[in-house]
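Q: Quick one: the structure is below, and I'll ask about it shortly.
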Amino acid sequence: MVGFDYDELVNATGSFSPTRLVGKGSHGMVYKAMLLNKMVALKKPLQHRDNHYKLENEICVLSSLPKNQHVISLLGTSQDHSNNNKLIVMEFMPNGSLHDLLHLAPTPPPWPKRVEIFIQVARAVQFLHEGKPTVIHRDIKSENILFDSDWNAKLADFGLAVLFDSPSQVSPPAAGTIGYLDPCYTTPSKLSTKNDVFSFGVVLLEIISCRKVIDVSKSPASIVDWAVALIEEERIDEICDARIGLPMDMSSTIRHILYVAASCVSSNVENRPTIAGILTEMENCVIERVRLPIWISMWRNLVRRKKKHIAKKCATVLEQSDDGVLGDHVSSGKLLLWQVLADAGTE
Ligand SMILES: Nc1ncnc2c1ncn2[C@@H]1O[C@H](COP(=O)(O)OP(=O)(O)OP(=O)(O)O)[C@@H](O)[C@H]1O
């Protein structure tokens, strides 16, 4: 890991100028800066002792991870020798967060993009849960899913993450963000990968509905209570973001993903799937969807050929018929048939 010169970072951010500020969390401010001809993001903790611990923890977890395309990359750190303040230098994510995309962007994301995001975030979580040691993120939420320049999703903010070596290790106090936090995670001993699975399920519901995870103007206020009741009653359409129509060929995929989400947020921890199980389910239903257009096009070809065949037969009969006997009826019938033939040829 690179150790950056603190003064160089101060310079690169214009002394932490507000014009370079790209985000603010409850623990730190994030600035963009040009370093070695590359745009990077710098995280500076807010002045509170706990925030420095969180930053140290984030450095410790991120530096223990191998590179992954769906997890934010740590580029280095820096230390202000006058007060021991640390800074994190990480890759810059220019396209904002999933939270902004869902709740602030003028145009809602199309359904195939939403499915791509589910899978990319699931891959990030799988990488953490199946690594050695296992990492439990503890703060999976739409604000912590950021987009790179190609709109690939990456999981960020490892301030609360835990390196989970064995179930007997001393766990930190339960923590997370209200709305995403597993209600079963009430004591340190309840820490498990299933806490992340719960939060991931909430993110799935948020992506599909674009509803705020806690909306006090609605009843029920919690997205989980609202969506699970609708899923149980098979009222799937009412959950889907109404600003953008759900294409027919996507409806079974989204239905399937809603079932996955419902199992992730199950109040019985044992009933929740592992992230590997979730990923297999999601990838299977995407493969189904990709297969569908092949069947549709085969079916359409068959219909087109039949239409052409029937139209040609009718045309021959009409050619052979005596226009004089049937008069205008035949002429308009021919016209109609040529229209059918033309349609069959161009469809
Ligand atoms: N690498 C990055 N590139 C661009 N923007 C970023 C980057 N990292 C963070 N941000 C922006 O800064 C915001 C705050 O960052 P982050 O969530 O890491 O701070 P935090 O104080 O730990 O947050 P929390 O309140 O969740 O604890 C993010 O929501 C995002 O908008």
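Q: Among the residues of segment 88-118, what is the count of those that are away from the ligand (no atom under 13 Å from the Cβ), in a helix (DSSP H, G or I) and surrounded by fewer than 18 Cβ atoms within 10 Å (Cβ to Cβ)?
A: 3
Q: So is L160 part of a strand (DSSP E or B), farther than 17 Å from G201 by Cα and within 11 Å of the ligand (Cβ to nearest atom) or not? Break it down into steps so the answer makes sense when it comes.
A: Details: part of a strand (DSSP E or B): no; farther than 17 Å from G201 by Cα: yes; within 11 Å of the ligand (Cβ to nearest atom): yes.
Taking the combined requirement at face value, the residue does not satisfy it.
Q: Would you call V40 modelled with pLDDT of 95 or more, within 13 Å of the ligand (Cβ to nearest atom), outside the structural domain of R123 (by TED's automatic domain parsing) and assigned to a strand (DSSP E or B)? Give the derivation first.
A: Working: modelled with pLDDT of 95 or more: yes; within 13 Å of the ligand (Cβ to nearest atom): yes; outside the structural domain of R123 (by TED's automatic domain parsing): yes; assigned to a strand (DSSP E or B): yes.
Yes.
Q: Further question: If you go through segment 127-139 one residue at a time, do you hit one that is under 13 Å from the mean Cα position of the chain (by Cα), buried (at least 21 other Cβ atoms within 10 Å of the Cβ) and not hydroxyl-bearing (S, T, Y)? Lay out the reasoning, then the answer.
A: If we filter segment 127-139 for residues that are under 13 Å from the mean Cα position of the chain (by Cα), which is where we start, we get none.
The answer is no; no qualifying residue exists.
Q: Need the failing condition index for K24 against (1) basic (K, R); (2) in contact (Cβ under 8 Å) with a residue 12 or more places away in the chain; (3) more than 17 Å from T77 (Cα to Cα), just the number.
A: (2)
Q: Looking only at segment 43-67, how many residues end up being farther than 13 Å from D157 by Cβ, at pLDDT 90 or above and among the acidic types (D, E)?
A: The first filter runs over segment 43-67 and keeps only residues farther than 13 Å from D157 by Cβ, leaving 44, 46-50, 52-53, 56, 60, 63-67.
Now restrict to residues that are at pLDDT 90 or above: 44, 56, 60, 63-67.
Narrowing further to those that are among the acidic types (D, E): 56.
Residues flagged as farther than 13 Å from D157 by Cβ, at pLDDT 90 or above and among the acidic types (D, E) within segment 43-67 amount to 1.
Q: Additional query: May I ask you to say which residue of N271, N195 is closer than 30 Å to P172 by Cα and surrounded by fewer than 18 Cβ atoms within 10 Å (Cβ to Cβ)? Give the steps one after another, and end with the answer.
A: Working: N195 fails: surrounded by fewer than 18 Cβ atoms within 10 Å (Cβ to Cβ).
Step by step, each of N271, N195 is checked, and only N271 is closer than 30 Å to P172 by Cα and surrounded by fewer than 18 Cβ atoms within 10 Å (Cβ to Cβ).
Q: Looking only at segment 62-74, which residues are surrounded by fewer than 20 Cβ atoms within 10 Å (Cβ to Cβ) and either closer than 19 Å to G23 by Cα or not hydroxyl-bearing (S, T, Y) (or both)?
A: We begin by selecting, within segment 62-74, every residue surrounded by fewer than 20 Cβ atoms within 10 Å (Cβ to Cβ); these are 63-69, 73.
Those that are surrounded by fewer than 20 Cβ atoms within 10 Å (Cβ to Cβ) and either closer than 19 Å to G23 by Cα or not hydroxyl-bearing (S, T, Y) (or both): L65, P66, K67, N68, Q69, S73.
The values are calculated or read from the model by the stated rules, or taken from the named source; none is laboratory data. From a predicted model like this one, the values you see are computed outputs, not experimental measurements. Backbone-built Cβ (ideal geometry, glycine too); neighbour counts: all protein chains shown.
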